[in-house]
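**Q** Dumping the structure here so I can ask a few things about it.
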Amino acid sequence: MPGKIVTTVIGLAVAGGVAGWFITAPQTVNAGLYSGLNGNAEHGKLVFDAAGCASCHTAPDSKHDGPPVLSGGRAFASDFGTFYAPNISPDTTHGIGAWGLTDLANAMIKGTSPDGQHYYPAFPYTTYTHAAPQDVTDLFAYMQTLPTDPTPSKAHDVSFPFNIRRSLGGWKVLFFSDDWIGPDTTDQIARGRYLVEALGHCAECHTPRNALGRLDKSRWLQGAPNPSGRGTIPDITPASLTWSQADLVEYFTSGFTPDYDSAGGEMADVVQNLSKLPKEDRQAIAAYLKALP
Amino acid sequence: MTLRAFLTTLTLSAVAATGAYAQDDAAKAAIKARQAQMDLYAFNLGALGAMAKGAVAYDADAASKAAGNLAMLTKLDQSRMWPEGSDDMSADNTRALPAMWENMGDVMAKGGDLAKAAAAMEAAAGNGLESLQAAMGPLGGACGACHKAYRAPES
């Protein structure tokens, strides 16, 4: 799915890259925000499910029973080549077992690797940048409890100049923003907004992009062509989606639409993740969607 | 070409054509039948889902009947519903991906998962709303897992 995203994003990186090169050294988080925090692995599992990390970082043929094995390997094709999700299991050699909390925070919040490189936005850190430090801390604690896996990460198969990570800096300067989009008129809607805009990366699929590959925030969640080339990803704002709040909650729980067909395509994975959240969180996401303009 | 040869060719191609048409018709009928099977799943789920969502009041008897139907449907023999050449590359009006025919073992396993989830619903549906609600998720997962792997997106 992120193929098109990657394509356009990278096209842009080249445009912005030259100018951006000098002003775009990768940034890091303020470590002070994380220093006093203690991780709660149990809550971290919810963060992990809400953020859909397993959808990309488990092996393509993995089964769904038991704790996820984050061996990586899923391919994300684009016009510029293929990206592979890396091994992020706690293996100290091939995974991220040697990372500290701020390494994970820098990756998720700033898109910056421990050795100071930019990540490609196929890793949706542009969404995760909104994640609360406590949630990142809990997530870190949970990920350390997962099985290790010795599969080496595959190198991305990307050609020049897109293989130069530094060129992503221009794109980051232009498009990396921590603004919130939807309303937060009640506590429930605010929780839904956090789940959608900080963790769920719903917009990566459901929001159309402009010619330069940037999410068109004026058409937030209003549907987009499916990068796989088949079908479209639906508009999920109240203008088109007439489902009731209860219909939405059922969809996020069992995957059944109001016609009792089931969620298909990439959404099936998303539902699988959402179904593991507390019911209140699914209700909050539904409330947020119903509150969109 | 002699007349005889010409006639033979003509007859042979007519036979071939009839064969092709017959096959086409068989594929069409199979596609209709399996879509009807799917629609019957959905129809019976509708009764269960409306209760799960709170759109209609829970009724143990109605729930058990719908769940019983669903479980029964999963036991129908479907072997003739999925003939070769009825995938979405070869035939019209279907969203079944060719990958189905390359992974029949997995397709059968996914069908088996559905039968298990439907049996669990059959056992749960009459035992109160919460027990019905809890059985909806696994059912949805079983339908969705097969659609995700083997059904093309709506175009």
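**Q** Can you name the number of the only condition in (1) over 28 Å from A:Gly231 (Cα atoms); (2) touching a Gly at 6+ places or on another chain (Cβ under 6 Å) that B:Ala123 fails?
**A** Result: B:Ala123 passes all but (2).
**Q** Filter segment A:282-293 down to the residues that are more than 12 Å from chain B (Cβ to nearest Cβ) and open to solvent by less than 20 Å² (accessible area, probe 1.4 Å) and list them by number.
**A** Once the filter is applied, which keeps residues that are more than 12 Å from chain B (Cβ to nearest Cβ) and open to solvent by less than 20 Å² (accessible area, probe 1.4 Å), segment A:282-293 yields A:Ala284, A:Ile285, A:Ala287, A:Tyr288, A:Leu289, A:Leu292.
**Q** Those residues that are in contact with a Ser or Thr (Cβ under 7 Å, 6 or more places away or on another chain) and either at pLDDT below 95 or closer than 10 Å to A:Ser254 by Cα (or both), I need them from segment B:117-146; list them, please.
**A** Those that are in contact with a Ser or Thr (Cβ under 7 Å, 6 or more places away or on another chain) and either at pLDDT below 95 or closer than 10 Å to A:Ser254 by Cα (or both): B:Met136, B:Gly137, B:Leu139, B:Gly140, B:Cys143, B:Gly144.
**Q** What number of residues in segment B:132-144 are at the interface with another protein chain (Cβ under 7 Å from one of its Cβ atoms) and within 14 Å of the chain's Cα centre (by Cα)?
**A** Within segment B:132-144, residues that are at the interface with another protein chain (Cβ under 7 Å from one of its Cβ atoms) and within 14 Å of the chain's Cα centre (by Cα) number 2.
**Q** Then there is this: On the given criteria, is A:Asp247 within 14 Å of chain B (Cβ to nearest Cβ) and without any contact (Cβ under 8 Å) to a residue 12 or more places away in the chain?
**A** yes
**Q** Looking at segment B:98-114 only, could you name the residues that are within 15 Å of B:Pro83 (Cβ to Cβ) and of a type in the set (A, V, I, L, M, F, W, C)?
**A** Within segment B:98-114, B:Met100, B:Trp101, B:Met104, B:Val107 meet the criteria.
**Q** If you check A:Ala132 against the conditions, is it out of contact with any Phe, Trp or Tyr (no Cβ under 7 Å at 6 or more places or on another chain), under 13 Å from A:Val47 (Cα atoms), open to solvent by 30 Å² or more (accessible area, probe 1.4 Å) and small (Gly, Ala, Ser)?
**A** yes
**Q** Still on this structure, please answer the following. Please find, among B:Ala71, B:Ala55, B:Ala66, the residue that is within 13 Å of chain A (Cβ to nearest Cβ) and closer than 17 Å to B:Pro138 by Cβ.
**A** B:Ala66
**Q** Could you identify the single residue in B:Asp92, B:Asp77, B:Asp113, B:Asp88 that is within 14 Å of another protein chain (Cβ to nearest Cβ) and farther than 19 Å from B:Leu45 by Cβ?
**A** Just one listed residue meets the conditions, B:Asp88.
**Q** Counting only residues that are crowded, with 19+ Cβ neighbours inside 10 Å and either polar (S, T, N, Q) or facing another protein chain (nearest Cβ under 8 Å) (or both), which one in segment A:258-268 is farthest from B:Gln35 (Cα to Cα)?
**A** A:Ala268
**Q** Let me ask something else about it. Can you pull out the residues in segment A:64-108 that are aromatic (Phe, Trp, Tyr), open to solvent by 30 Å² or more (accessible area, probe 1.4 Å) and under 30 Å from B:Gly141 (Cβ atoms)?
**A** A:Tyr84
**Q** Got a number for residues in segment A:177-204 being open to solvent by 50 Å² or more (accessible area, probe 1.4 Å) and touching a residue at least 60 places away in the same chain (Cβ under 8 Å)?
**A** 4
**Q** Something else now. What number goes with the only condition from (1) touching a residue at least 24 places away in the same chain (Cβ under 8 Å); (2) over 27 Å from B:Ala60 (Cα atoms); (3) open to solvent by 60 Å² or more (accessible area, probe 1.4 Å) that B:Ala99 does not pass?
**A** (3)
**Q** Looking at A:Thr253, A:Thr237, A:Thr232, can you tell me which residue is touching a residue at least 24 places away in the same chain (Cβ under 8 Å), within 14 Å of chain B (Cβ to nearest Cβ) and of a type in the set (Val, Ile, Thr)?
**A** Sole residue among the options that is touching a residue at least 24 places away in the same chain (Cβ under 8 Å), within 14 Å of chain B (Cβ to nearest Cβ) and of a type in the set (Val, Ile, Thr): A:Thr253.
The values are calculated or read from the model by the stated rules, or taken from the named source; none is laboratory data. What you are looking at is a predicted structure, and each value in this text was computed from that prediction instead of being measured. Don't worry about glycine lacking a Cβ; one is built from the backbone with ideal geometry, like all the others, and counts go over all protein chains shown. With ligands, DNA and RNA removed, areas are computed over all heavy atoms of the protein, side chains included. Shrake-Rupley method; radii C 1.70, N 1.55, O 1.52, S 1.80 Å.
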